[in-house]
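Worksheet: the structure to be examined is printed underneath.
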Amino acid sequence: MRPKIYLFGDSITEESFSDGGWGSSLANHFSRTADVVLRGYSGYNTRWALKVKEKVFPPPQQSGGGDAPPAAVTVFFGANDASLPDRCSGFQHVPPDEYKQNLLSIVAFLKKQWPSTCIILITPPPIDEAARLLHPYVDNPSGLPERTNEAAGIYAKQCLAAAAECGRPSINLWEKMQQFPGWEKAYLRDGLHLTCNGNKFVFEEVVKRLKEEGISLENLPADLPLISEIDTDNPLKSFDN
């Protein structure tokens, strides 16, 4: 009855359904008009996402057949691709050119599945390198951050280039977040993942971009009558239409 909005990405997407997360805020925002479906995979890069895409999004005939295409899919990868190849998270690294091509392939796959679906590419966020040293995910004998803000910026540009090449909307989180003083602590809790304010920032950017693409509370009807529409004299009559 309701259109779906899929969130496809890495840990920043997987964690988005936590308390105050940008995904749970989207689900609340569209609570009577669309189902927000989480498809986040912590630690994944675009190479891995490309490998598992058919399992994440099986062909329509294998996933219920008559389901309508989703209203939108967000594709939010790059934070892991941008891990530096010669440091402790090097196994997650994907070269910039391959990252761009992987995004194009993911979009092409989704477009083939659902030609009418809005696909939004989201760049990786900026990196607070000092905080990354305080919150390593694996043993870090080099004492150097496994991600840098400069590298994240390179991948952000590649993400925007991929979006432009395939004619899809995008959100430049890397640039937008850094426009605010103190973004390092305000938006990032460990130099990479989002604080409550960071989640709010992403939520607002996604809602804004969706609205620009015609997906908003104003354009999506409620799937059943609202309480204000119920006939108080004959409530059941309200459901006949």
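The values are calculated or read from the model by the stated rules, or taken from the named source; none is laboratory data. Predicted, not measured: the structure shown is a model, and the values here were computed from it. Cβ coordinates were reconstructed from backbone atoms using ideal geometry, including for glycine residues, and neighbour counts include every protein chain displayed.
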Completion exercise
Counting only helices (runs of 4 or more DSSP H) wholly inside region 156-241, the ones holding at least 2 residues that are over 17 Å from F76 (Cα atoms) are 183-187, 196-212
Completion exercise
R209 fails exactly one of (1) touching a Pro at 6+ places or on another chain (Cβ under 6 Å); (2) modelled with pLDDT under 95, namely (2)
Handout entry: Subset of region 114-147 (residues that are modelled with pLDDT under 95 and of a type in the set (S, T, N, Q))
Key = N140, S142
Exercise for the section: Return the pairs, sorted by first residue and then second, in which the second residue is assigned to a loop (DSSP other than H, G, I, E, B) and of a type in the set (S, T, Y), the first residue lies in region 87-106 and is closer than 17 Å to K53 by Cα, the beta carbons are less than 7 Å apart, and the residues are 6+ apart or on different chains. Expected result: none
Handout entry: Candidates F76, F91, filtered to the one that is touching a strand residue (DSSP E or B) at 6+ places or on another chain (Cβ under 6 Å) and closer than 25 Å to C159 by Cα
Key = F76
Problem - Sole exception among (1) at pLDDT below 95; (2) among the hydroxyl-bearing types (S, T, Y); (3) surrounded by 14 or more Cβ atoms within 10 Å (Cβ to Cβ) for Y155, by number - result: (1)
Practice task
Tell me which of these K100 doesn't satisfy, since it passes every other one: (1) surrounded by fewer than 21 Cβ atoms within 10 Å (Cβ to Cβ); (2) not in a loop (DSSP other than H, G, I, E, B).
Solution key: (1)
Exercise for the section: Pairs only if they're at least six apart or on different chains, beta carbon under 6 angstrom, first in region 216-230 and closer than 13 Å to R2 by Cα, second surrounded by fewer than 12 Cβ atoms within 10 Å (Cβ to Cβ); list them, first residue then second. Expected result: D223/M1
Completion exercise
Log entry, pairs with first residue in region 61-82 being closer than 20 Å to L50 by Cα and acidic (D, E), second being modelled with pLDDT under 95 and not in a loop (DSSP other than H, G, I, E, B), beta carbons closer than 9 Å, six or more apart or on different chains, reads D81/Q92
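Condition check ((1) of a type in the set (S, T, N, Q); (2) over 16 Å from the mean Cα position of the chain (by Cα); (3) surrounded by 22 or more Cβ atoms within 10 Å (Cβ to Cβ)) across all residues:
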position: S170; (1), (2), (3): yes, no, no
position: Q179; (1), (2), (3): yes, yes, no
position: E205; (1), (2), (3): no, no, no
position: R209; (1), (2), (3): no, no, no
Exercise for the section: Show the residue pairs that are 6+ apart or on different chains and have beta-carbon atoms under 6 Å apart, the first residue being within region 37-50 and within 25 Å of A71 (Cβ to Cβ), the second being of a type outside the set (A, V, I, L, M) and part of a helix (DSSP H, G or I). Expected result: L38/F17; L38/G23; G40/T13; G40/E14; T46/Y99; T46/N102; L50/N102; L50/S105
